[in-house]
Each structure stands twice: as structure tokens, then as C-alpha cells.
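One structure is given below, encoded as C-alpha cells.
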């Protein structure tokens, strides 16, 4: 057990750009965006605060979203502590600040994105088709590359470390977590900037609407989960986390483990896998204080959550989060942000409606699935 | 204590052959796969050469026992063919006997179908067949390849531009080292599309004569397509099953140039760091490397930057060549394609030449291998793959002792 304690991975900073006013990190879901809609848009901050002014106009929106969340994460003055910037600099072995970010440079940047930079992809594709392959300019092609978010963050802060981007539907962010844990546990990295970003464009919204992903009629997002129906509401966002091997005054929680299940056959199989996952972490279902579920109000897909809860977590407090961020391939990153903040604050915001009150807040299990295909479990604990 | 990572199977499909033996025979007879575009109508036909897999979609469908043209993108079919060959060559009957996973890599996923959809959709947002867009995202091809192979363990996809599949091999090795998996099928797949052809053309880095890597008069890269996969297995699997591995992955490293979104730094910082990390992990000295399969795209910028990094690390620089003169630059598949070629170098004791080279670069002292070299003892091959976003990766493959 002792060695397990030594190997803990700490979440020492967060930055979350979402359809809720979460970016500032100062309040914790006290002000909320409530809309009767089928599409939740992430709140764009003044990007000039995050991106050099000469780059703001040309930079794709998803890249700006990622940069804003990453920069917030790395300079996160978490509650009741001094700004992380000075702490990072004082930290043993940390590298000098670079690129005017005023913070230490992490050893690695690992990100996930389901659809990547679709705005620029559409722009280049549209111009190519409309102009029959003539008069094209490279900017949108360059920015359409899936690893642009991680690459631009590295470029802006001068990070020469390991830089990976995962692009696999509902496993995009989870793969990035798994890689991060491996890099930290192997000792190859002491600090990692982990993140996810996905943007929603009018066209991608429309295409997914035609595929039957969304509700036909707008709903009040804050009551989405209490009003099941066919389809969900679309969302987007970017969330970043600073993972380190050492506990800091800024520590929010520990990130213990992640598991992905590809096309499980039944809810019994999922339950069995969850139990094994917890066993591997020396826990049982009784140790879980809060089950954070990826419910999205789509009755075709939410039944799995009901079955798994019933099978395995009879008495455990549970709640959803997608009424706040909408559905997208990396929505679990918003869930991780929420879990992280709950563990630090040791309270659950009112808008996150909990079935059964938890007696304590020590371990949170985040269970999410994307369209019944990509199922994932993420385990976090109070530091 | 680092655990060893064995390569027990390889599979490939590229412009120079649709399996390992036909690719090897083209390499050995110096037969390039670069030629005219036939896959789709484009303004660039007859002007910009590409390295296409010489099979139509119907032929690829037939090779995989499928008939539904909408369900499978070209990227998916290429991946299925190469991954199946890798699994068969590793002598694997059942993918569920060990903790197994599939890691693929691609840069544009199902773009070949999305292009068709998007034209109709732009005219009218209720037009365009949805069957042509559901395969757009990068994860689609991977999930279909996984189902084709019967893999139900970890399935994921990387996309870091032209280093994508070198990185999927790296992550596969890390998953085995960490004990999460015993066996990983890792590689990548990409097809030539109008999107990428026009994209690279706007950057003015496509050589109308076909690529001339490390040549003073180089004028850009040549796009290629294909897929390649390696079967990586742990020591435990190899020992228990009494397997004879093809090679060992002894070192790997990824670093970021952090210089420019598309251009490499003049001093080749990212390349230098990636190669240094890989050498450190392998415990090898630069002098131990017998052959380098360079990234060598043939762009002015890459070859200079990579060449400078090579001269900084190696003294003397070992024999090197860019096999992109055979296969074209297969983007997300390039790292895995070149990994297979590196393993063939070790296996056959051969170095494959840089086909189009004639004039040394004035900034560098080094020159690539320009003739086929046989009967060598090649113990260690270093393979570079560099991508947009300053993403630099190095893999080192070694002969089994």
C-alpha cells in the first residue's frame, strides 16, 4: 500500500472553458447558464487575454479555447493558496518560465479531441469545393491538423517535451489520461499538462442533427436529465489539468486510474469491469462516495446508467453533469473538472442534483459512455 | 528495469506492394511507386505525382471480403489489409488469448468520403448521404479494424500529423512496459485525398518531379498512401509461446520542436531531442546505429533541419536514406510504413537507396545511400518521423541477439 501512496498523481491545476462560466476558477457553478435550447455553446472569453493579439484573428476557435483553458490551468490560483506561478518557479527541478506565460513549463502535453479542428477543416474543404481547387490559402489547412491545440500550446510556452494527441471518439480524453498516468508512473515526466477540446460548428451540429443525435424540440438544459426523451443537447468545451507527482498547496485531488471498455456486450459486463477496476485500486463499490454519470437525457442511451447503478451501486450517491456542458466526444473532461472541484471544495454545487446524499467525499467514480460504444471509468480521490 | 518489447509480426500495404513480400521485392529492385493520380478527378492530375496503392476501392473491398462501398473508407480498407497481415505473420489465431489492444493512427480519417458528402451538403444542408459522413472521424477506421481482427480490448487512435503512427507504436510499447497489455497491434493508415493534396499544394511543398530527399535541388514532398502495422508483444508472451521475434524495439522518443506550426527549426532542436531520447532509452551510443531511415520528405526545410540534427548527434553520420522515394509520404501511416522497412533492413541485411538523389546539399557534409547495399549485418536501425506542430519522433529497432 505504501508504494501505492507514493505513486499518486496529483491534479494541481485546472482550467475549464465550457457553456457555463467556469473559466475564471473563482466561483464554482454559482452563476449558471440556463437556456431553452438544443445546442450549448461554450462561453468565449476575451481571447486577447490568452493569445498574442496578432494571432487572435487567424487562430481557429478550438485552438483559442484550448489555449485559454490551458493557460488558466497553469496559472490556476486554486482556492486559499498563493498563485501557482510562484510555486511552480520555486519547485525543485522545474524549468524557467517561457513564452510570457509566467509559469513553469510542464514535461509533457497530452491532449484528446474527438473531431479536432472541424471549423478549419470545413473552411478548407468548402473553399476547395467551391473554388474547384483554385485560389486556396494554407492557414485553414495547417490549422485543420488534429494535434494543433497541443502543438500551439507547446509553441506559445516553448515546451519541447512529449506531445501526443488522441482522436478516438469517446476514448480521446481517456487515452490521454492513460498515457499521462503511464508517463508519470514511469518517471519519464514529473508534470503533465493534460487536456481535451472539442468545438461545435453549425455544420457539425446540423449533420449530427440529421443523424438523430439531438432533441427535436429545445429543452431547458438545467432540467435535461429530469426530462428524458429521444436525443440530447449538443455541447462543446475545453478542459485542462496540471498533473504532477508531488502534492502542492494547490492540489485539488488525486487522479488514480482510468479504464476503457470498447463495445461491451451487456450492462452486466460493464458492472463486472467496474468492480474489477475498483479492486485493482483496492476499493469496493461501498468506498465510492459519489458516482458521476455521463447521462445526457437520451433515453436510448441512459438506460445503461440505470442498469449499472442498479446492478452495482444500489446505495451510492449519483449525479449527472451533461445538463451543464452538453454532449460531445470529450465531455468526460468536463466531468473530470467537476469531480476535481467537488473533491477540493468538499461540497456538491446545488445544480448538480444528487440522488441520495453522500456521507463523505473521498472517492469519486466517473462513468461515461459515448453512444453505447466507448465506455470509460475514471477514479479520483481526495488528496 | 525496462522490459523488452518484441516485434513478432508486420503487415504493410503501400504504393510499392500490397503485402510485405511484394514491398520487399520492390525495395530490392529499386522500383518506386510514384506516378500519376488516378484515384479522383483533380486539377492537379498530370502535374503533381502521388504514390497510390495500385488497387481500386472494389479490389480493396474484395480483399477484405466486403462489398458495401459506403461502409468502409479507403483508409479503413488499407488498414484492415495491413493489420490482418501483421496479425497473421505473428501467428496469432485468436486475439483474445492475451490482453490485446489496437492502436491506429490517421491524419484525415474518412476524408475520402467526407469530400463527396460535403459538396452536396454545401449546396443544401439537407442533402448529402449521411452514409458518406458517418466514417469521417479518426476513430471510425480503428474501430472497424478492431472488429475485423476480433480485438475487444483497448482500442485507440493517435493523430499527430506525419509522426502519428510512430507515436502509436510508442504508446503501444508503453502499454506493454506498464503491464496494461501483453500484445498490441500498432500502426497507422491514410489514403490520398483531394483535401491533403490541395492542402500541401497551398504550402507549395509538392515536388512536380517526385520527391528528391537530401538533394540540393529538392523541391518538396510527394504524397503517398498506405497502411502498416506491427505486432508488439511482451517478453512473457514471446517466452510462453516460444516465438521467434523479427526484431526488438529498443528505444523511442518524442519531442516538440516548438518553433513553428509547420516549419522545422533551423538547428533541428525537436529532431535532436527525439533522437537523443531514443538513444538514451536504448542504451546505445550513436556509433552503434548501422542505418538511419530518415524522415527525409524532400522539402527544403525538413531535410536541412533533420540533416543538421543528424550531424550534431552522429560523428560520422551512419548510412541513411529516405524510402519516401519509393512509397511517397503516407502521412499518418508513414512512421509505421518506415518501421516495417527498417525491420526488413535488419532481417535481410540490406539498405534501400534514396532513389532520386544526384547533388549533395551545400549546407551538409552528409550524403544518402544511393545504391542498394546487401549482405550487411545490420544490428540497429533508427527511424525518424516528424510532423506538423513540431511533433518529432524516433524509433530504434534492433536485431534479436
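Peptide B:384-390 shows a mean partner chain C-beta count of 5 within 10 Å per residue C-beta.
For the range B:274-289, backbone nitrogen atoms closer than 17 Å to the point 7 Å from residue B:315 Cα along Cα-to-C-beta are found at B:276, B:285-289.
Taken over the range A:255-381, the percentage of Cα pairs per 5 Å bin, counting from 0 up to the bin with the maximum distance, is 2, 11, 24, 26, 23, 11, 2, 0. The relative contact order of chain B, computed from alpha carbon pairs under 8 Å that lie at least 6 residues apart in sequence, is 23 percent.
Overall size of the range B:1-55 from C-alpha positions, given as principal axis extents largest first: 55, 26, 17 Å. When restricted to Cα atoms, chain B yields an Rg and a Dmax of 19.6, 62 Å, respectively. With the simple model of a label 7 Å out from the Cα in the direction of the Cβ, residue A:345 to residue B:30 spans 7.0 nm. Take the Cβ atoms of residue A:130 and residue A:268, set R0 to 45 Å, and the FRET efficiency comes out at 0.30. Expressed in Å, the radius of gyration and Dmax of the Cα atoms of the protein assembly as shown are 24.8, 75.
Computed over every Cα-Cα pair of chain A and binned at 10 Å starting from 0, the pair-distance distribution P(r) comes out as 5, 25, 35, 25, 9, 1, 0 percent. Shown here: the range B:308-373, whose C-alpha atoms stretch 30, 25, 23 Å along the first, second and third principal axes, sorted largest to smallest.
In the range B:42-96, one over the average inverse separation of all distinct C-alpha pairs is 13.2 Å, which is the Kirkwood hydrodynamic radius.
Neighbour counts of C-beta atoms inside 10 Å place B:84, B:374 in the sequence B:374, B:84, starting with the fewest. Mean per-residue shielding of peptide B:274-281 is 1, counting Cβ atoms of other chains within 10 Å of each Cβ.
The distance separating the Cα centre of the range B:219-252 from that of the range B:1-69 comes to 17 Å. The mean number of partner chain beta-carbon atoms within 10 angstrom of a residue's beta-carbon across peptide A:125-138 is 5. Short to long, the 5 Å bins of the Cα pair-distance histogram for the range A:291-360 hold 3, 15, 27, 26, 20, 8, 1 percent of all pairs. Modelled label positions at residue B:300 and residue A:280, each set 7 Å beyond Cα in the direction of Cβ, lie 5.1 nm from each other.
Computed from the C-beta positions of residue B:208 and residue A:49, the FRET efficiency with R₀ = 45 Å rounds to 0.50. Rounded to two decimals, what ratio of Rg to Rh does the range B:251-398 give with C-alpha atoms and a Kirkwood Rh? When Rh is taken as the Kirkwood radius, the ratio is 0.92.
Modelled label positions at residue A:58 and residue A:355, each set 7 Å beyond Cα in the direction of Cβ, lie 5.2 nm from each other. Compute the FRET efficiency between residue B:59 and residue B:263 as 1/(1 + (r/R0)^6), taking r as their Cβ-Cβ distance and R0 = 35 Å, and round to the nearest 0.05. For R0 = 35 Å, the calculated efficiency reads 0.35. Apply the Debye scattering formula to the range B:5-241, with a single equal point scatterer on each alpha-carbon and no solvent, then give log10 I(q)/I(0) at q = 0.07, 0.12, 0.13, 0.14 Å⁻¹. Calculated log10 I(q)/I(0) at the listed q: -0.24, -0.69, -0.80, -0.92. From most to least packed by mean Cβ count within 10 Å, the peptides A:299-305, B:135-141 give B:135-141, A:299-305.
Taking the average, over residues, of other Cβ atoms within 10 Å as the packing measure, peptides B:94-100, B:49-55 rank B:49-55, B:94-100 from highest down.
Highest average first, the peptides B:174-185, A:141-152, A:258-269 ordered by how many other beta carbon atoms sit within 10 Å of their residues are A:141-152, B:174-185, A:258-269.
A short reminder: the numbers here are calculations on the coordinates, not readings from a lab. What you see is a predicted model; the values in this text were computed from it and never measured. Don't worry about glycine lacking a Cβ; one is built from the backbone with ideal geometry, like all the others, and counts go over all protein chains shown.
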